[in-house]
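A.B. asks: Here it is: the structure, laid out below.
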Amino acid sequence: MVETLNATALAEFDRLLGELPRAGARARPPTLQRLLALAAHLLESEAGVEALAERGGAIEEAGFFRDTAWADPSRLLPPLVRSGLLAEGPTGTTESLSELRMLALAQGRCRSERASAEEAAAFLEAALVLCLDLLFPVRGTEASRDPTPGRRRAERLCAYLGRAFSLEGLLGVLTVEVEQVLSQRQIQLERVHELLDQAERVPLSEGRARPERLERFLRARSGPTPLSERHRDPEAYRAALAQLGQQERCVEARALGRSLRMTGLACPQHAVLLGEHFAESETVELALRLNAPGQVELARQQRLFQRLVRECVRPATAGSLYGLARVLEAGLLSRPEVEAGLRRLFALELAPSVTARLRARFGDEADLSAHLIAGAVNVLGQPLGLGQGNNPTCQSARGLSLWAQLAPGHLLAQLACAARADRLEYLFEGELLSSADLVDKGLARELDHSLDAASLLLVPHLDRIYDAMMERTLEREGDGHRWVNPALYGPWVGSRMAAVCELEFRELVRRFYASHHPGYSGHYGMIHPTPVGLFVTDSGGRLLGRHAVTLQRVRVDPQGEVRAYFFNPNNDSRQDWGQGIVVEVAGHGELEGESSLPFAHFASRLYAFHYTLYEEEAGAAVPEAEVLAVERLAGESWGRSFAPGEVRFGPPSAPAG
């Protein structure tokens with residue numbers, strides 16, 4: 001590592017940067033290549049970072065970012081900064097220079113017609129919140145032992161940006177980020193805990209305090225009551241709890257339950273209280289803050305509930321308490337197939353390969369049965385809180401969510417089969433497909449194991465089976481999901497399917513409106529959530545790829561606009577898809593875990609959906625102006641990625657009224 005500023009390299013950088021605006025088409029590429037090499041060298045020292053930061057405005061004004069993905073500062077996305085900074089080679093160097101350019105904009109040292117100083121500052125604050133592990137690296141972890149130059153450079157750059165900004169100011173942005181994630185009630189909360197860990201490490205000046213909302217989240221996970229705060233060790237808390245009378249215990253339970261339902265976070269002490277007093281209905285009702293249906297279900301299914309608590313509620317599985325409350329409120333324990341499925345899990349003997357997988361995920365000392373059953377409870381209680389992790393397995397995650405809502409017995413049966421035999425079997429058009437025979441199939445050859453326990457066991461098998469089913473449809477005319485989705489997900493998938501590869505896009509839109517929009521489908525509404533395929537685009541409307549989601553419902557929102565509410569398996573639901581199409585997760589009538597878009601915006605990203613003959617025939621004529629407006633959004637975004645004729649758009653028309 002270069003510890004001091006290389007004056008020769010800096011002088012050469014300045015010379016080439018001055019020549020760049022005048023460089024012709026042939027001279028520009030080698031000039032840029034040399035500038036990148038010099039910048040990479042300078043970024044290896046704190047002095048070099050500071051020198052480049054002083055030149056951030058000059059780098060922007062020289063046109064360094066022209067014709068690159070960083071050209072328009074208004075289109076840069078904070079969630080992409082971290083991966084860019086950690087990248088090796090020109091990408092990491094360019095990303096670093098881009099952040100220094102944004103710093104110059106934020107500090108008013110240069111100007112851009114595309115981003116104001118306030119917008120640049122907001123971008124950097126949001127980016128730093130998502131890079132807190134680089135801003136405040138924890139020593140002794142695997143990440144901190146990473147010897148790659150990319151990580152060292154990223155930490156050095158973030159440290160400089162952190163000094164340039166008020167770190168205390170980042171706490172407000174961080175608080176909003178935590179609130180947005182928790183509002184979706186995701187099952188996997190590692191990201192939230194990482195953010196909260198980093199928030200605790202932000203140094204505060206004398207007399208300053210963290211935002212109260214942030215403090216509430218910190219207390220929720222460590223001890224939101226005076227007793228749990230004093231006794232954070234579960235065993236010490238258990239001993240203190242034993243000294244309380246019934247009335248004092250109810251006060252403690254009420255406070256824990258309030259914190260759980262307000263934040264979605266539970267602390268280990270909460271699991272101790274429920275585990276010690278699961279037979280006391282009043283304590284349980286307060287500790288889970290059950291609504292009236294949940295209280296009725298608890299009274300009806302006390303024995304099964306108590307067995308469930310004994311089997312899966314531990315300090316290490318405290319995160320399942322929210323899912324447990326939702327299971328009770330949904331009345332799931334009273335369904336015979338759910339009771340049978342849970343009892344099967346209670347008595348399960350895990351396959352050795354499954355044991356190894358769970359040990360790798362939860363640790364050698366973990367109670368694997370408790371983690372598995374807690375995972376099942378979470379999926380049943382929070383079907384829209386599932387996430388695919390860093391895996392290309394949206395189809396599989398969508399399946400788990402659908403079954404948790406529509407066929408919980410089927411979900412539990414598959415989980416037991418995968419846990420006991422480490423395989424799943426499916427019939428596809430008369431052929432038995434066993435995941436054990438499909439080890440060379442699947443979209444995720446290297447599975448990211450940071451999943452909930454149920455997904456960890458089921459997704460590898462479902463991924464292989466889905467891939468094998470799709471392979472068997474390759475020679476057929478039309479989209480393979482027409483045959484695969486009903487076979488994979490079940491009979492509630494509509495018998496008919498419309499796909500971009502089969503229809504003119506205008507006709508696709510008409511059928512979607514006729515079958516799903518309340519203004520044209522007879523106002524009956526959807527009977528079941530339904531699988532839908534979308535084209536996902538970036539903030540510039542450019543195609544990123546196809547994605548499997550579940551359309552949960554279509555309703556008029558509180559503002560009077562018809563919206564599509566959907567489940568997004570990638571747990572990154574707050575997205576900007578360009579053209580003013582911004583996915584929302586709150587404020588428009590969303591239920592926990594739902595994403596939403598105005599109906600026309602959702603329709604503009606369709607590539608396939610299912611419907612029934614009844615739904616098609618029930619619709620009135622959809623106004624042509626509405627169809628043309630949706631088609632225009634599609635054609636001017638993802639449609640640009642296809643050659644003429646690949647996707648059949650209608651002939652150009654005048655702007656729709």
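The values are calculated or read from the model by the stated rules, or taken from the named source; none is laboratory data. Please read all numbers here as calculations on a predicted model, not as lab measurements. We place every Cβ from the backbone using ideal geometry, glycine too, and count neighbours over all the protein chains shown.
A.B. asks: Would you check which residues across the stretch 282-312 are of a type outside the set (A, V, I, L, M), surrounded by 15 or more Cβ atoms within 10 Å (Cβ to Cβ) and in a helix (DSSP H, G or I) and list them? Full working, then the answer.
C.D. replies: Step one: list which residues in the stretch 282-312 are of a type outside the set (A, V, I, L, M), which gives 282-283, 285, 289, 291, 293-295, 297, 300-303, 305-307, 310-312.
Checking the rest, the ones that are also surrounded by 15 or more Cβ atoms within 10 Å (Cβ to Cβ) come to 283, 285, 289, 294-295, 297, 301-302, 305, 307, 311-312.
Once the filter is applied, which keeps residues that are of a type outside the set (A, V, I, L, M), surrounded by 15 or more Cβ atoms within 10 Å (Cβ to Cβ) and in a helix (DSSP H, G or I), the stretch 282-312 yields Thr283, Glu285, Gly294, Gln295, Glu297, Gln302, Phe305, Arg307, Glu311, Cys312.
A.B. asks: Continuing with this model, one more query. So Arg201 passes all but one of these: (1) out of contact with any helix residue (DSSP H, G or I) (no Cβ under 9 Å at 6 or more places or on another chain); (2) exposed (fewer than 15 other Cβ atoms within 10 Å of the Cβ). Which condition number does it fail?
C.D. replies: It is condition (1) that Arg201 fails.
A.B. asks: Please find, among Ser604, Ser539, Ser521, the residue that is modelled with pLDDT under 85 and buried (at least 21 other Cβ atoms within 10 Å of the Cβ).
C.D. replies: Details: Ser604 fails: modelled with pLDDT under 85; Ser539 fails: buried (at least 21 other Cβ atoms within 10 Å of the Cβ).
So the residue among Ser604, Ser539, Ser521 that is modelled with pLDDT under 85 and buried (at least 21 other Cβ atoms within 10 Å of the Cβ) is Ser521.
Conditions tested, residue by residue: (1) free of Cβ contacts under 8 Å to residues at least 12 places away in the same chain; (2) crowded, with 23+ Cβ neighbours inside 10 Å; (3) polar (S, T, N, Q).
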| site | (1), (2), (3) |
| --- | --- |
| Val377 | no, yes, no |
| Leu380 | no, yes, no |
| Pro383 | no, yes, no |
| Asn390 | no, no, yes |
| Thr393 | no, yes, yes |
| Ser396 | no, yes, yes |
| Gly409 | no, no, no |
| Leu447 | no, no, no |
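A.B. asks: Then there is this: Considering only the stretch 451-459, I want to know if a residue exists there that is closer than 23 Å to Gly341 by Cα, outside any helix (DSSP H, G or I) and assigned by TED's automatic domain parsing to the domain that holds Leu350. Explain how you work it out, then say what you get.
C.D. replies: At the first step, the residues of the stretch 451-459 found to be closer than 23 Å to Gly341 by Cα are 451-459.
Still in the list and also outside any helix (DSSP H, G or I): 451-452.
Still in the running and assigned by TED's automatic domain parsing to the domain that holds Leu350: 451-452.
Within the stretch 451-459 (the criterion being closer than 23 Å to Gly341 by Cα, outside any helix (DSSP H, G or I) and assigned by TED's automatic domain parsing to the domain that holds Leu350), the answer is yes, since at least one residue qualifies.
A.B. asks: Inside the stretch 66-89, can you point out the residues that are assigned to a helix (DSSP H, G or I) and of a type in the set (Lys, Arg)?
C.D. replies: At the first step, the residues of the stretch 66-89 found to be assigned to a helix (DSSP H, G or I) are 73-75, 78-86, 89.
Hits for the stretch 66-89 are Arg75, Arg82.
A.B. asks: Then there's this: Could you count how many residues in the stretch 499-518 are surrounded by fewer than 17 Cβ atoms within 10 Å (Cβ to Cβ), touching a Phe, Trp or Tyr at 6+ places or on another chain (Cβ under 9 Å) and either among the basic types (Lys, Arg) or part of a helix (DSSP H, G or I) (or both)?
C.D. replies: 0
A.B. asks: Further question: Just one of Arg249, Arg258 is basic (Lys, Arg) and either over 21 Å from Gln382 (Cβ atoms) or in a loop (DSSP other than H, G, I, E, B) (or both); which is it?
C.D. replies: Numbers: Arg258 fails: either over 21 Å from Gln382 (Cβ atoms) or in a loop (DSSP other than H, G, I, E, B) (or both).
After applying the criteria, what remains is Arg249.
A.B. asks: Quick one: which of Ser401, Ser353 is at negative phi, out of contact with any strand residue (DSSP E or B) (no Cβ under 9 Å at 6 or more places or on another chain) and not charged (D, E, K, R)?
C.D. replies: Values: Ser401 fails: out of contact with any strand residue (DSSP E or B) (no Cβ under 9 Å at 6 or more places or on another chain).
Result: Ser353 is the single residue among Ser401, Ser353 that is at negative phi, out of contact with any strand residue (DSSP E or B) (no Cβ under 9 Å at 6 or more places or on another chain) and not charged (D, E, K, R).
A.B. asks: Asp422 - would you say it is in contact with a helix residue (DSSP H, G or I) (Cβ under 8 Å, 6 or more places away or on another chain) and among the acidic types (Asp, Glu)?
C.D. replies: On the way: in contact with a helix residue (DSSP H, G or I) (Cβ under 8 Å, 6 or more places away or on another chain): yes; among the acidic types (Asp, Glu): yes.
It is true that Asp422 is in contact with a helix residue (DSSP H, G or I) (Cβ under 8 Å, 6 or more places away or on another chain) and among the acidic types (Asp, Glu).
A.B. asks: Can you find a residue that is of a type in the set (Val, Ile, Thr), at pLDDT 90 or above and either surrounded by fewer than 18 Cβ atoms within 10 Å (Cβ to Cβ) or in the same structural domain as Ser396 (by TED's automatic domain parsing) (or both) anywhere in the stretch 560-577? Spell out the reasoning first.
C.D. replies: Narrowing the stretch 560-577 to residues of a type in the set (Val, Ile, Thr): 562.
Narrowing further to those that are at pLDDT 90 or above: 562.
Narrowing the set further to residues that are either surrounded by fewer than 18 Cβ atoms within 10 Å (Cβ to Cβ) or in the same structural domain as Ser396 (by TED's automatic domain parsing) (or both) leaves 562.
Yes: one or more hits.
A.B. asks: Another question, then. Filter the stretch 625-651 for residues that are among the aromatic types (Phe, Trp, Tyr), assigned to a loop (DSSP other than H, G, I, E, B) and touching a strand residue (DSSP E or B) at 6+ places or on another chain (Cβ under 9 Å) and give the result. Let's see the steps before the verdict.
C.D. replies: Start the filter on the stretch 625-651 by keeping residues that are among the aromatic types (Phe, Trp, Tyr), which leaves 638, 642, 649.
If we keep only those that are assigned to a loop (DSSP other than H, G, I, E, B) too, we end up with 642, 649.
Selection gives Phe642 alone.
A.B. asks: Somewhere in the stretch 43-55, is a residue assigned to a loop (DSSP other than H, G, I, E, B), over 33 Å from the mean Cα position of the chain (by Cα) and without any contact (Cβ under 8 Å) to a residue 24 or more places away in the chain? Outline the logic, then answer.
C.D. replies: Within the stretch 43-55, the first condition is being assigned to a loop (DSSP other than H, G, I, E, B), and the residues that meet it are 43-45, 55.
Remaining after also requiring over 33 Å from the mean Cα position of the chain (by Cα): 44-45, 55.
From what is left, the residues that are without any contact (Cβ under 8 Å) to a residue 24 or more places away in the chain are none.
Scanning the stretch 43-55, I find no residue that is assigned to a loop (DSSP other than H, G, I, E, B), over 33 Å from the mean Cα position of the chain (by Cα) and without any contact (Cβ under 8 Å) to a residue 24 or more places away in the chain, so the answer is no.
A.B. asks: Starting from residues that are of a type in the set (A, V, I, L, M) and farther than 16 Å from Gly89 by Cα, keep the ones in the stretch 14-39 and report whichever is surrounded by the fewest Cβ atoms within 10 Å (Cβ to Cβ). Reasoning before the result, please.
C.D. replies: Of the stretch 14-39, the ones of a type in the set (A, V, I, L, M) are 16-17, 20, 23, 25, 27, 32, 35-39.
When the remaining residues are screened for being farther than 16 Å from Gly89 by Cα, the result is 16-17, 20, 23, 25, 27.
Working: Leu16: 17, Leu17: 20, Leu20: 19, Ala23: 16, Ala25: 6, Ala27: 12.
Out of the qualifying residues, it is Ala25.
A.B. asks: Among all residue pairs at least 6 apart or on different chains, which show Cβ distances below 7 Å where the first residue, located in the stretch 89-114, is surrounded by fewer than 24 Cβ atoms within 10 Å (Cβ to Cβ) and the second is among the acidic types (Asp, Glu) and in a loop (DSSP other than H, G, I, E, B)?
C.D. replies: Arg114/Asp72
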